[in-house]
Amino acid sequence: MRYSFMLFLLCCLFTGCVKEETDNRDTGFIVAVGDPAPDFQIHYQDGNTQSLKSLRGKVVLIQFAASWCKVCQDIMPLMEREFNLRYKSHPDFTLFAVCRGQTPEEVQQFAEKVKVTYPLTLDEDESIFRLYALAKAGVTRNVLIDKDGKIVYLTRLYNEQEFAQLNKTIDSLLQP
C-alpha cells in the first residue's frame, strides 16, 4: 500500500513537470515566467541601439510581430489602444515591437500601414526571436518583463482574458 502511494505521488510529480514543459512548447516559447529576460540589442529604425538590460527599472512589454503576419496586423491597433495609449505617459513603462525577419524598409512600410505610435524595432536575422521562442514557432506573442528584468507574463496570439490579465499585471507592477 505504501509503495503504491509513493508511486502515485511520483507519477503526479512527473506528470506536473511534463505538463508544464509541454504547455510551454505548445506556445513555442523557450522562456518561462520567472526566467530572467534574455538580453539583446534593440535596433530602432532611426539607427540607434539600446540593450534590453538598460531598461531595468522599467516594466517592459515586448511584442513580437512581422509585416506578413495577418494576426499581428490585427492585434497592433489593439496593442496601441490597450497598452501604449494607456501606459505611455508612465515613466516606468515601455512597449516596443520586435519585427521578426524584416528589413528596415519592410519595417518602415509596416509602421506606416498599422499606424501605431510605439517603436517597431528590427530583428532581421531573427536572433532576438530565437532567444524567446522556437525558430519555427509562430510570430505573434508578447513578453512582459518586470523592473528587475524577470519575465512575469507570456501571451500567444490574442485571448481577451489574457490581455485583461496582462493589463492587471502591468497595473500592479507600476504601483509605487
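What angle, in degrees between 0 and 90 and rounded to the nearest 10, separates the Cα long axis of helix 2-27 from the longest principal axis of the Cα atoms of the chain? Approximately 10 degrees, to the nearest 10. For the chain, the dipole from Cβ point charges (+1 on Lys and Arg, -1 on Asp and Glu) about the Cα centre works out to 380 debye, to the nearest 20.
Across the chain the C-alpha pair distances fall into 5 Å bins from zero in the proportions 1, 8, 16, 20, 20, 15, 7, 4, 3, 3, 2, 1, 0, 0 percent. Relative contact order of segment 126-176, taken over Cα pairs closer than 8 Å and 6 or more residues apart, is 23 percent.
Principal axis extents of the Cα atoms in segment 131-176, from largest to smallest and rounded to whole angstrom, are 39, 25, 9.
The lysines whose alpha-carbon is closer than 28 Å to the alpha-carbon of LYS136, local same-chain residues fewer than 8 away aside, are LYS19, LYS53, LYS70, LYS113, LYS115, LYS150.
In this Cβ point-charge picture (+1 for Lys and Arg, -1 for Asp and Glu), segment 84-176 has a dipole of about 260 debye about its Cα centre.
Residue by residue, segment 31-37 carries 3J(HN,Hα) couplings of 10, 9, 4, x, 6, x, 5 Hz when phi is fed to the Karplus relation 6.51 cos²θ - 1.76 cosθ + 1.60 (θ = phi - 60°); x denotes Gly or Pro.
Could you check how many percent of all C-alpha pairs in segment 89-176 are farther apart than 23 Å? In whole percent, the long-distance tail amounts to 30. If exposed trypsin sites (Lys or Arg not before Pro) are those in a DSSP loop with at most 16 other Cβ within 10 Å, what is the longest stretch of the chain that has none? Answer - 1-55. Taking the charge dipole of the chain about its Cα centre, with +1 at Lys and Arg Cβ atoms and -1 at Asp and Glu Cβ atoms, the residue from ASN84, GLY149, HIS43 reaching farthest to the positive side is GLY149. Here segment 35-176 carries DSSP beta bridges of which approximately 60% are antiparallel, counting only pairs with both residues inside.
Segment 142-161 to segment 78-93: how many Å between their Cα centroids? Between the Cα centres of segment 142-161 and segment 78-93 lies a distance of 14 Å.
To test your reading of the geometry: what angle, between 0 and 90 degrees and rounded to tens, separates the Cα axis of helix 160-173 from the longest principal axis of the chain? Value to nearest ten degrees: 80.
Any read-out appearing in this document is the output of simple, stated calculations on the displayed coordinates, not a laboratory observation. Everything quoted here is computed from the prediction, not taken from an experiment. Ideal geometry is used to build each Cβ from the backbone, glycine not excepted, and the neighbour counts take in all protein chains shown.
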